[in-house]
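The values are calculated or read from the model by the stated rules, or taken from the named source; none is laboratory data. Model, not experiment: these values are computed from the prediction. Using ideal geometry, Cβ is built from the backbone for each residue, glycine included, and neighbour counts are taken over all protein chains shown. Heavy atoms of the whole protein, side chains included, go into the accessibility calculation; ligands, DNA and RNA do not. Shrake-Rupley method; radii C 1.70, N 1.55, O 1.52, S 1.80 Å.
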Amino acid sequence: MSERFESRRGKLLHSMRKLGVDALLVSGESNVSWLTGFTGDSTWLVLGPRICVLVSDGRYEIQLSEECPGLEVLIRKPEVKLHDALAKVVNGAGLSKLAFESHLLTFAAVEEIRSALPDVELCPAVGQVEELRAIKDVEEIAEIRAAVDVAIRGFYAVRAVLTPELTELNIAHELEQTMRRLGAEGTSFDSIVAADDRAALAHYRPGRMPIGDCSILLIDWGANTAGRYKSDLTRVLLFGKPTNKLVKVYETVRDAQQRAIAAIKPGVTCGEIDSVARGHIKDQGYGRRFSHSLGHGIGLDIHEAPRLAPNSQTVLRPGMVVTVEPGVYLADWGGVRIEDDVLVTRDGSEVLSARLPSDLESMLVD
Ligand code: ZN
Ligand code: ZN
């Protein structure tokens, strides 16, 4: 187990060489976790060719010894601040140039580090660990598969018990509880359950109104595994006979998604994949109604690298796992988004959520 983390640290040390620093201060919770196996928070890792130390506090002393056997740990006393404990580690090792995750630390934290380490040169570095995390190994892919699987089982269970009296919030809670009962550690994020016109709000919070005789019910949900890997899916259930407009919007979004997924393969840029879906939605007359990027990486975080966004030059590589989630949102009417989790394989892609159909027929509820 610990070899897995050691090899990740080795990869980071290799990619850090171009920074020309003595060490990188890793402060992002998921980044520290990915590099060490530690699952707590408020803990920093100082990693360089000559140093590998975790700086934490007394709450985590036992947990660190269990989760990170063999790693050097400095447990600061309650009266010692984190940046002062860091200074002790950095000065003790005689480091003179320290990179830090400038996209994650607050301005105030950087100022504190600067005053605790007046003689050390601080160099902002962005996304060093995230870039490596974008490529999942076999075990990570298995975890994401498990997260997808339990989410799908939860969805089927809840779909079977939908009634008009339930509120959006009831449905969200039922779905979340069901996934936990089926083995999920928790949810990846607060589920979105949105009926009719509320489905036009891409990041809606479920309300306390019964869904009644709604015709659209958008559900965006995901599960978190014990290893903290996440899934992220969206389906739109259609009640009664859909109107022509609803059929057109639904098929537009689904075609856009299918085309984008078909285009996914190593070597293609994320921007190209986004434009496949966006171009199709535009051709159907809804260009301005697709108001967000096409997708994002999933893993330890619900949103991570790479992003499937317009103009993104990031190149897809085998082992990346991304959501593909085009949508069309019409104010005062409703919205449709379809989201699946897709693994980039050596010669194309695999839809990890393929066993949950999304064709219009399968979404009809009597
Ligand atoms: Zn989602
Ligand atoms: Zn998503």
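Taking the stretch 224-239 as the range and being among the polar types (S, T, N, Q) and more than 10 Å from ligand 2 (Cβ to nearest atom) as the test, the residues that pass are ASN224, THR225. The residue of the stretch 211-237 that is most open to solvent (accessible area, probe 1.4 Å), among those that are more than 24 Å from VAL249 (Cβ to Cβ) and away from ligand 1 (no atom under 16 Å from the Cβ), is ALA226. Any chance the stretch 78-99 includes a residue that's under 27 Å from the mean Cα position of the chain (by Cα), over 30 Å from ALA226 (Cβ atoms) and modelled with pLDDT of 95 or more? Yes, there is a match, as at least one residue in the stretch 78-99 is under 27 Å from the mean Cα position of the chain (by Cα), over 30 Å from ALA226 (Cβ atoms) and modelled with pLDDT of 95 or more. Of all residue pairs spaced 6 or more apart or on separate chains, none has beta-carbon atoms under 9 Å together with a first member in the stretch 99-127 that is not assigned by TED's automatic domain parsing to the domain that holds LEU19 and a second member that is surrounded by 15 or more Cβ atoms within 10 Å (Cβ to Cβ) and modelled with pLDDT of 95 or more.
Just to be sure before I move on: is ASP366 modelled with pLDDT under 95, at negative phi and more than 16 Å from ligand 1 (Cβ to nearest atom) in the structure I sent? Yes, satisfied. Looking across TYR156, TYR204, one residue alone is among the hydroxyl-bearing types (Ser, Thr, Tyr) and open to solvent by 70 Å² or more (accessible area, probe 1.4 Å). It is TYR156. Within the stretch 138-153, the set of residues being touching a strand residue (DSSP E or B) at 6+ places or on another chain (Cβ under 7 Å) and among the small types (Gly, Ala, Ser) comprises ALA147, ALA151. Checking GLY92, GLY70 one by one, the residue that is assigned by TED's automatic domain parsing to the domain that holds ARG17 and at positive phi is GLY70 and no other.
Among the residues of the stretch 10-23, none qualifies, meaning not one is at negative phi, free of Cβ contacts under 8 Å to residues at least 60 places away in the same chain, β-branched (Val, Ile, Thr) and out of contact with any Phe, Trp or Tyr (no Cβ under 7 Å at 6 or more places or on another chain). In the set LEU35, LEU47, LEU19, LEU13, only one residue is of a type in the set (A, V, I, L, M, F, W, C), open to solvent by less than 10 Å² (accessible area, probe 1.4 Å), assigned by TED's automatic domain parsing to the domain that holds VAL89 and under 26 Å from ASP119 (Cα atoms); that residue is LEU47. The single condition from (1) open to solvent by 50 Å² or more (accessible area, probe 1.4 Å); (2) touching a residue at least 24 places away in the same chain (Cβ under 8 Å); (3) within 16 Å of ligand 2 (Cβ to nearest atom); (4) touching a Lys or Arg at 6+ places or on another chain (Cβ under 8 Å) that ASP190 fails is (2). Restricting attention to the stretch 238-247, the residues that are among the hydrophobic types (A, V, I, L, M, F, W, C) and either modelled with pLDDT under 95 or open to solvent by 30 Å² or more (accessible area, probe 1.4 Å) (or both) total 2. Within the option set VAL110, VAL126, being within 30 Å of the chain's Cα centre (by Cα), more than 12 Å from ASP22 (Cβ to Cβ), open to solvent by 50 Å² or more (accessible area, probe 1.4 Å) and among the β-branched types (Val, Ile, Thr) holds for one residue only, VAL126.
If you go through the stretch 290-303 and pick out every residue that is more than 10 Å from ligand 1 (Cβ to nearest atom), open to solvent by less than 20 Å² (accessible area, probe 1.4 Å) and within 14 Å of ILE135 (Cα to Cα), you end up with 3. If you filter the stretch 305-322 down to residues that are of a type in the set (Val, Ile, Thr) and closer than 14 Å to GLU350 by Cβ, you find that the one that is farthest from ligand 1 (Cβ to nearest atom) is VAL321.
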